[in-house]
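Inspection log for the structure reproduced underneath, given as structure tokens.
Derivation of every value follows stated rules applied to the coordinates shown; laboratory data play no part. Note that the coordinates shown come from a computational prediction; the quantities given were computed from them, not determined experimentally. A quick note on method: Cβ atoms are made from the backbone with ideal geometry, for glycine too, and the neighbour counts reach across all protein chains shown.
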Amino acid sequence: MNDLRDIPGYEGLYAVTKDGRVWAHANWLHQGMFLKQVLRGGYRAVHLCNQGKARMKPVHRLVAITFIPNPNSLSQINHKDGVKTNNKVQNLEWCTASHNRKHSWDIGTTVITAAFIECARRKARAMGTQRRRLSMRQALVIRELSKTVPRRELMKIYGLSAPSLSELITGKTYKE
């Protein structure tokens, strides 16, 4: 237990290890114990109490605030290997929301939701009906989406004709 370090804001109450185990210090109820972790949105989390207020805290955030300096006050924590339950300190890094999304996309852990599709549809509608000139990045995104999203849906979202979409996906247009 020599790698235990008190969690900022919970000093004397809770500590965390570099591999993501959370320890509750001894009190009138117990002699000290590792807390049971639950899955919440795919991330491990624990209940912590302080001054009568109970809060559910993600374990990766506890590890990061305890062991990883954050001099730039970055708001998010990235799991380098993309595994949400791997809360070892060497697998975590502070990052921006943009970096976190890009990393998720790059390693293939982004999940395409109905909300994502609706947002893309609204953006495409806002562009109007003028001839579209997609950026290379947009073309790459469409190619990636074509693996999981039906072509008819992509045509609606991006306002593309079937032949244009087919040529984009097969690489006849927007070649790298």
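Each of 149, 38 was scored by other Cβ atoms within 10 Å of its Cβ. Listed from fewest to most, they are 38, 149. Region 162-176 and region 20-43 have Cα centres separated by 52 Å. When region 5-107 is described by a simple charge dipole with +1 on each Lys and Arg Cβ and -1 on each Asp and Glu Cβ, the residue from 99, 9, 54 located farthest towards its positive end is 54. For region 5-107, just say rounded, prolate or oblate: build the C-alpha gyration tensor, square-root its eigenvalues into a ≥ b ≥ c, call rounded for a/c under 1.5, and beyond that prolate if a/b exceeds b/c, oblate if not. Prolate.
Taking 20 °C and 1.002 mPa s as the conditions, I'd like the Stokes-Einstein D for region 131-176 in µm²/s, using the Kirkwood hydrodynamic radius from alpha carbon pairs. The estimated diffusion coefficient comes to 207 µm²/s.
Computed from the Kirkwood radius of its Cα pairs, the Stokes-Einstein diffusion coefficient for region 54-124 at 20 °C and 1.002 mPa s stands at 157 µm²/s. Listed by Cβ neighbour count within 10 Å, with the fewest neighbours leading, 119, 95 appear as 119, 95.
Based on Cβ point charges of +1 for Lys and Arg and -1 for Asp and Glu, what charge dipole magnitude is obtained for region 65-176 about its Cα centre, in debye rounded to the nearest 20?
In debye, rounded to 20, region 65-176 gives about 560.
Multiplying the residue separation of residue 114 and residue 175 by 0.36 nm and removing their Cα-Cα distance gives an extension gain of 19.1 nm. Using the alpha-carbon positions of the chain, Rg (one decimal) and Dmax (whole number) come out as 22.4, 71 Å. Of the chymotrypsin sites (Phe, Trp or Tyr not before Pro) found in region 1-53, those that fall in a DSSP loop while having at most 16 other beta-carbon atoms within 10 Å are 28. Among 144, 93, the ranking by other beta carbons within 10 Å of each residue's beta carbon, starting with the fewest, stands as 144, 93. With the simple model of a label 7 Å out from the Cα in the direction of the Cβ, residue 86 to residue 143 spans 2.7 nm.
The slack in the chain from residue 73 to residue 101, taken as 0.36 nm per residue of separation less the alpha-carbon distance, amounts to 8.3 nm. Measuring against 22 Å, Cα to Cα, the residue pairs 102/123; 57/88; 18/84; 53/84; 80/102; 123/172 contain 53/84; 123/172 as the ones spanning a longer distance.
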